[in-house]
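Asks: My structure is below; once you've seen it, I'll send some questions.
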Amino acid sequence: MADLKTVEYFVSDNYSFKVMRDEKGRKVGKLVNLITEEVEEFNQRVLPQNIPNLLNVAKVVISAAWQDGKILPSEKEAFENTFRNVNFTNEQRAEIEKEFKDPTPKEELVKNIMTREEKILILETSLLLVIADNEFHPKEKEFIGYLVKKFELDTTDFAILYSILPERVRKYITREKLHDTLEIKADEIETLKKFSVEKRALDTSHDQVYAQFLHNWKNRSIRYRRSSVY
């Protein structure tokens with residue numbers, strides 16, 4: 001089978017649509033009915049790409065990883081492994097390479113993050129990344145606080161975020177008093193626990209975080225639906 005790279009991916013409440021391209025430039029599209037699980041395949045069907053949006057979000061995630069003052073070789077390798085089948089252009093790849101060496105100031109990055117789902121995705125991934133090394137640097141806490149302030153999400157969105165995080169991360173939220181930053185009161189934390197699905201407190205590697213990030217990017221409109229909490 002030819003090596004296919006994902007060039008476009010869209011998802012709604014009812015359908016997902018994926019476009020892949022082989023090394024000769026031929027495109028194959030796959031439309032999946034998420035309700036009935038029926039699959040339709042198309043040739044040469046083209047929709048506007050959302051790869052540039054993914055690039056902007058990825059830059060913020062890289063910035064989160066930079067907050068402790070270093071990027072580990074294993075972390076960069078994990079990123080590359082996860083994104084190897086995403087059809088970034090050579091110019092976009094060069095931008096990513098630059099971010100790992102000299103990250104763009106966060107003030108510039110957040111200007112390009114517009115949608116609610118992207119904002120929650122960035123916060124979720126950033127929280128997972130900053131504790132992946134079992135440390136929580138003051139700069140990392142400051143970075144999370146900055147994102148929260150700039151994204152201006154509401155309390156329902158923060159409740160969704162808290163409910164989907166593993167217990168290991170929730171403990172950091174309360175220990176570091178991040179629930180204040182996230183505008184979640186202590187008594188609300190106790191209530192949210194009753195609605196949160198228990199997740200095993202696994203050791204989170206950078207590989208796992210980046211792989212989950214890309215998965216969540218593809219399914220963010222479903223993952224962050226308000227009905228998932230209320």
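What follows draws every value from the coordinates through simple rules; no lab data is involved. Being a predicted model, the structure only gives us computed values, none of them experimental. Note: ideal-geometry Cβ built from the backbone for every residue, glycine included; neighbour counts use all protein chains shown.
Asks: For GLU107, what charge total do you get from the other residues with a beta carbon under 14 Å from its beta carbon, if Lys and Arg give +1 and Asp and Glu give -1?
Replies: Charge balance in the 14 Å sphere: +3.
Asks: Give the relative contact order (percent, whole number) for segment 1-132; include only Cα pairs under 8 Å separated by 6+ residues.
Replies: Reported relative contact order: 22 percent.
Asks: Near ARG84, within a Cβ-to-Cβ distance under 12 Å, what is the net charge of the other residues, with Lys and Arg +1 and Asp and Glu -1? All intermediate terms of the calculation are to be shown ahead of the outcome.
Replies: Numbers: positive: LYS5, ARG93; negative: ASP3, GLU77, GLU80.
Cβ neighbours under 12 Å give a net charge of -1.
Asks: Could you sort 71-80, 30-39, 124-133 so that the peptide with the highest average Cβ count within 10 Å comes first and the rest follow in order? Don't skip to the end; give the middle numbers.
Replies: Values: 71-80: 15.8, 30-39: 11.7, 124-133: 21.8.
Peptide ranking by packing, descending: 124-133, 71-80, 30-39.
Asks: Given a cut-off of 32 Å, name the pairs among LYS5/LYS101; LYS5/LYS171; LYS30/LYS171; LYS76/LYS149; LYS111/LYS171; LYS98/LYS139 whose C-alpha atoms lie farther apart than that in the structure shown. Could you put the intermediate results ahead of the total?
Replies: Details: LYS5/LYS101 26 Å; LYS5/LYS171 38 Å; LYS30/LYS171 40 Å; LYS76/LYS149 28 Å; LYS111/LYS171 30 Å; LYS98/LYS139 21 Å.
Too far apart for the 32 Å limit: LYS5/LYS171; LYS30/LYS171.
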